[in-house]
Amino acid sequence: MRIREDDTDLLLYGLDGSNPLGFLAAVGVAIVAEGCWPELRFGWRRTGRGWRPSLQGCGSDEKSFSERLLETLRSAPTTVFDIDNRMPFDAGKFSEALRGAQEGSLAVDRRNVDLLAGMGTEIYPDKRNGQFQDSKLRMVRSGDSAGQGLPFYAKANLEKLNVERVQLTLFDVWDYRDDGYSLRWDPLGDQRYALRWRDPSKSKLADGPGMMLAADCLAIEAMRWFPTLPVGRQAETSGFQRKSRREIYFVWPIWTPMLSTDTVRSLLVLPDLTHDPVDHGSLARRGIQEVYRSQRVQQNQYYSNFLPAHSI
């Protein structure tokens, strides 16, 4: 039996703060859970297995928490992902969706408008095809041979998800036994063709590794806190550090105080996180104990991956 320091504390043993997918999934958990538990607090705890997210204000029953989290995910509207199966798509269509989301948004419900802001910006569309500039978190092909991309994958993955997989993802060691559409946010997914032991087009799930459906479904929700904005004529995504045209990193903090989600959201976009060198003294005064950085590498014209992160 796991021993907790606080009966009201819920430690998500399965989510590794040094893994970009684990971190994004933890942020997604906090975003979704806040809708059920408005007094939620979110921090990180160092364990024998590394940094793990800790939640307060949502009880401590793992199964009940997993059930309610999945119920909330499934009941959320898919409006944003129904606009187009591809991403990016026509900037005019995207602009129209933004206006509609803005008119329908409420102070207590900004999901659609925040997700759209996380998907990209309609400012300065691509002159070649008229598509909006999209998020650096879009690391899959804009549209596969069937014309399907991130929006379609997000919906398809959620349809396959069940509470057992949610609970395992949050509270146990990841087994990578799910079959779905990987969004390529886990460095383990960097399985380049030349390094595989067999043709991936002929591989089966048993050949491994598979994916973690719940992690990808929750990480999608984290895009709400990583908007993409125009910087000059170039779209830049919050949380990313560009050192050159091709050298791009995802940077994120690990904090130990139990904070409200509003405070966490502000921590994620602190300019200090991307300073070289990082001023750890300044960040420590804000409760940030560690900063991780993972390079975003582009395998080819279609796909990108994160490399294993390191502490900076």
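The values are calculated or read from the model by the stated rules, or taken from the named source; none is laboratory data. Keep in mind the model is a prediction, meaning the values are calculated, not measured. Counting neighbours? That spans all protein chains shown, and the Cβs are built from the backbone with ideal geometry, glycine included. Each accessible area value is taken on the protein alone, full model and side chains, heavy atoms only, with ligands, DNA and RNA left out. Shrake-Rupley method; radii C 1.70, N 1.55, O 1.52, S 1.80 Å.
Restrict the check to region 108-116 and report whether at least one residue is touching a residue at least 24 places away in the same chain (Cβ under 8 Å), open to solvent by less than 40 Å² (accessible area, probe 1.4 Å), among the basic types (Lys, Arg) and touching a helix residue (DSSP H, G or I) at 6+ places or on another chain (Cβ under 9 Å). Taking every residue of region 108-116 in turn, at least one turns out to be touching a residue at least 24 places away in the same chain (Cβ under 8 Å), open to solvent by less than 40 Å² (accessible area, probe 1.4 Å), among the basic types (Lys, Arg) and touching a helix residue (DSSP H, G or I) at 6+ places or on another chain (Cβ under 9 Å).
In region 4-23, the residue that is modelled with the highest pLDDT out of those that are open to solvent by 40 Å² or more (accessible area, probe 1.4 Å) and closer than 14 Å to GLU62 by Cβ is THR8. Being hydrophobic (A, V, I, L, M, F, W, C), under 12 Å from PRO88 (Cβ atoms) and crowded, with 21+ Cβ neighbours inside 10 Å is the requirement here; does MET139 meet it? Criteria not met by MET139. Considering region 60-71, and only residues there that are open to solvent by 40 Å² or more (accessible area, probe 1.4 Å) and not charged (D, E, K, R), the residue that is modelled with the highest pLDDT turns out to be SER64. Looking across region 220-268, the residues that are polar (S, T, N, Q) and in a loop (DSSP other than H, G, I, E, B) come down to SER238, SER244, THR256, SER260.
For region 33-43, give me each residue that is open to solvent by less than 10 Å² (accessible area, probe 1.4 Å) and of a type outside the set (Gly, Ala, Ser). Within region 33-43, LEU40, PHE42 qualify. Within region 73-92, the set of residues being surrounded by 15 or more Cβ atoms within 10 Å (Cβ to Cβ) and out of contact with any strand residue (DSSP E or B) (no Cβ under 7 Å at 6 or more places or on another chain) comprises LEU73, ALA76, THR79, VAL80, PHE81, ILE83, ASP84, ASN85, ARG86. Does LYS127 meet the test of being over 30 Å from CYS36 (Cα atoms) and loosely packed, with under 14 Cβ neighbours inside 10 Å? The answer is yes for LYS127.
Taken over region 269-299, the residue count meeting the criterion of being closer than 25 Å to ARG184 by Cβ and either assigned to a loop (DSSP other than H, G, I, E, B) or open to solvent by 60 Å² or more (accessible area, probe 1.4 Å) (or both) is 3. Cβ-Cβ contacts under 6 Å between residues 6 or more apart (or on different chains), taken from a first residue in region 236-257 that is within 13 Å of PRO271 (Cα to Cα) to a second residue that is open to solvent by 30 Å² or more (accessible area, probe 1.4 Å) and outside any strand (DSSP E or B), are listed as SER238/PRO227; SER238/VAL269; GLN241/THR274; VAL251/THR274. Cβ-Cβ under 6 Å, sequence separation 6+ or interchain: first residue in region 79-95 and under 16 Å from ARG138 (Cα atoms) and free of Cβ contacts under 8 Å to residues at least 40 places away in the same chain, partner open to solvent by 10 Å² or more (accessible area, probe 1.4 Å) and among the acidic types (Asp, Glu). Which pairs? Qualifying pairs under 6 Å: PHE94/GLU122.
Given the criteria at pLDDT below 95 and either in a strand (DSSP E or B) or open to solvent by 40 Å² or more (accessible area, probe 1.4 Å) (or both), does ARG198 qualify? Answer is yes for this residue.
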